[in-house]
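One structure is given below, encoded as structure tokens.
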Amino acid sequence: MERSNNLVLLLHGVRFDGTTDAVGIQFFLKNVHPEMKTAASTIFGSLGMLHARPNTFGELMRVIISPSQVVQKAVQWASKGFSPDIVLHMRMMANRPVRARTAAVGCIQKAIQISGLKGTPRVALISDTPSFVKEMKQEISEFAEVTYFDYKSFAKSFDLEMNGKDKPLDFRSRDWGSAPRWAAFVDFFLASSARHTVITGAHRRVGTTYAQLIAALAAANRHGHEPSGANFTFLSSIHSNLLVDGLSTQAGWGHAWSRYAGPLSCPRQAHQCAPTPLLPHAWWDGRWRSPTGRDVRRLLGYGVSLSDTGEVDEERLASHCRSREDHVKRFHLLPPYKS
């Protein structure tokens with residue numbers, strides 16, 4: 001019965017608008033039909049139990065995706081045949097604030113302590129701003145062996161032509177940096193080979209989807225390879241500028257920390273190196289979550305009303321779902337035929 005429910009859950013995903021992002025999970029976790037809700041909880045974890053949520057997307061990616069031969073060659077070239085212990089991803093959008101770099105270095109040092117690494121740890125750096133990677137390397141090289149994918153050196157070593165299609169479009173360059181788009185795939189698979197920790201940092205928003213997917217796949221790749229089977233952490237390096245107004249810039253429901261960006265968040269904190277769930281909630285199911293005013297209004301459109309301490313009004317949500325049930329009415333346009 002459980003297997004059948006899970007199949008129904010996956011097949012019904014195509015019926016709902018908005019189920020292509022993290023919000024879509026909630027269409028099932030908050031379903032008014034008990035069988036559907038039970039199946040969703042099996043796949044995505046119970047509501048309010050953030051620490052117990054399964055690494056669903058990591059396990060799916062481990063089975064269904066793999067790098068092409070060229071990308072695999074580039075990953076091996078960049079890693080020199082050794083998996084990194086720690087990976088740092090910094091989405092800088094061409095910015096290079098000193099505070100972000102300082103917070104990231106501190107988070108790497110914390111990750112070394114958490115992992116109990118002995119000797120010189122191996123750290124891989126990836127970013128949409130290649131020049132930022134080189135600046136980070138100078139600081140981290142004092143206590144770790146650092147590697148990163150230099151697409152220009154790789155292309156030169158293997159006589160690859162950098163034709164026009166490899167160059168970023170102007171409107172993409174702010175998001176993806178000066179590197180060609182294929183370099184992001186190399187970075188993705190290089191980072192997902194992390195043995196102990198993936199760290200995400202940023203100029204404006206922390207916990208991007210790209211970093212979340214990397215961490216999820218890395219954790220799945222390590223599953224069963226360590227004695228405990230769970231010796232893996234996903235950390236967010238949050239610098240003080242982002243905490244001035246309590247993470248208010250974490251716009252978008254796909255960001256892991258957007259649930260803490262509203263009036264209940266804690267402003268004016270020092271640098272943070274925060275443990276981050278591999279499968280974060282899309283809505284606000286736990287106490288003291290704090291969405292922004294814009295997200296509160298969006299939630300009301302889905303029938304979700306929040307208390308001052310961040311809890312969902314389940315009765316109002318159930319009432320909203322019942323009010324949207326389809327009712328089929330039949331009308332005879334022609335009188336019944338009589339022979």
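Screening residue 256 with (1) within 15 Å of residue 202 (Cβ to Cβ); (2) assigned to a helix (DSSP H, G or I) gives one miss only, at (2). Does residue 92 satisfy the criteria of being hydrophobic (A, V, I, L, M, F, W, C), modelled with pLDDT under 95 and over 18 Å from residue 214 (Cα atoms)? No; evaluated as a whole, the condition is false for this residue. Return the residues of the range 202-217 that are in a helix (DSSP H, G or I) and closer than 16 Å to residue 237 by Cβ; say none if nothing qualifies. If the condition is that a residue be in a helix (DSSP H, G or I) and closer than 16 Å to residue 237 by Cβ, then 210, 211, 212, 214, 215 are the ones that fit.
Taking the residues in the range 37-64 that are farther than 26 Å from residue 258 by Cβ and either of a type outside the set (Ser, Thr, Tyr) or at pLDDT below 75 (or both) as candidates, determine which candidate is nearest to the chain's Cα centre (by Cα). If we take residues in the range 37-64 being farther than 26 Å from residue 258 by Cβ and either of a type outside the set (Ser, Thr, Tyr) or at pLDDT below 75 (or both), then 62 is nearest to the chain's Cα centre (by Cα).
Identify the residue in the range 48-106 that is among the aromatic types (Phe, Trp, Tyr) and either assigned by TED's automatic domain parsing to the domain that holds residue 130 or assigned to a loop (DSSP other than H, G, I, E, B) (or both) and, among all such residues, is nearest to residue 207 (Cα to Cα). Among those residues, the one meeting the criterion is 82. Residues that are among the polar types (S, T, N, Q) and either crowded, with 23+ Cβ neighbours inside 10 Å or without any contact (Cβ under 8 Å) to a residue 40 or more places away in the chain (or both) within the range 187-222 comprise 192, 197, 200, 212, listed in sequence order. Inspect the range 311-321 for any residue being at pLDDT 80 or above, of a type in the set (Val, Ile, Thr) and within 20 Å of the chain's Cα centre (by Cα) and give the result as yes or no. Within the range 311-321, not a single residue is at pLDDT 80 or above, of a type in the set (Val, Ile, Thr) and within 20 Å of the chain's Cα centre (by Cα).
When you go through 63, 32 one by one, which is the residue that is hydrophobic (A, V, I, L, M, F, W, C) and within 30 Å of residue 288 (Cβ to Cβ)? Before you say what the answer is, go through the steps one by one.
Values: 63 fails: within 30 Å of residue 288 (Cβ to Cβ).
Only one candidate passes the filter, namely 32.
Across the range 80-92, the number of residues qualifying as surrounded by fewer than 16 Cβ atoms within 10 Å (Cβ to Cβ) and touching a residue at least 40 places away in the same chain (Cβ under 8 Å) comes to 2. Summed over the range 38-47, the residues that are part of a helix (DSSP H, G or I) and either within 18 Å of residue 218 (Cβ to Cβ) or not polar (S, T, N, Q) (or both) give a count of 4.
Just a yes or no: is a residue in the range 223-239 touching a helix residue (DSSP H, G or I) at 6+ places or on another chain (Cβ under 9 Å), hydrophobic (A, V, I, L, M, F, W, C), modelled with pLDDT of 80 or more and over 12 Å from residue 197 (Cα atoms)? Outline the logic, then answer.
First, the residues of the range 223-239 that are touching a helix residue (DSSP H, G or I) at 6+ places or on another chain (Cβ under 9 Å): 223, 229-239.
Okay, now just the ones that are also hydrophobic (A, V, I, L, M, F, W, C), so 230, 232, 234-235, 238.
Applying the additional criterion that residues be modelled with pLDDT of 80 or more yields 232, 234-235, 238.
Imposing the further condition that a residue be over 12 Å from residue 197 (Cα atoms) reduces the set to 238.
Yes, there is a match, as at least one residue in the range 223-239 is touching a helix residue (DSSP H, G or I) at 6+ places or on another chain (Cβ under 9 Å), hydrophobic (A, V, I, L, M, F, W, C), modelled with pLDDT of 80 or more and over 12 Å from residue 197 (Cα atoms).
Name the residue that is surrounded by the fewest Cβ atoms within 10 Å (Cβ to Cβ), counting only residues in the range 147-186 that are polar (S, T, N, Q) and modelled with pLDDT under 90. Among residues in the range 147-186 that are polar (S, T, N, Q) and modelled with pLDDT under 90, the one surrounded by the fewest Cβ atoms within 10 Å (Cβ to Cβ) is 163.
From the residues in the range 117-146 that are small (Gly, Ala, Ser) and within 25 Å of the chain's Cα centre (by Cα), which one is surrounded by the fewest Cβ atoms within 10 Å (Cβ to Cβ)?
Residues of the range 117-146 that are small (Gly, Ala, Ser), as a first pass: 119, 124, 127, 131, 141, 144.
Right, trim to within 25 Å of the chain's Cα centre (by Cα) and you get 124, 127, 131.
Details: 124: 26, 127: 23, 131: 13.
Here the residue is 131.
The values are calculated or read from the model by the stated rules, or taken from the named source; none is laboratory data. Worth saying up front: this structure is predicted, and the values here are computed from it rather than measured. No Cβ is skipped: glycine too gets one built from the backbone with ideal geometry, and neighbour counts run over all protein chains shown.
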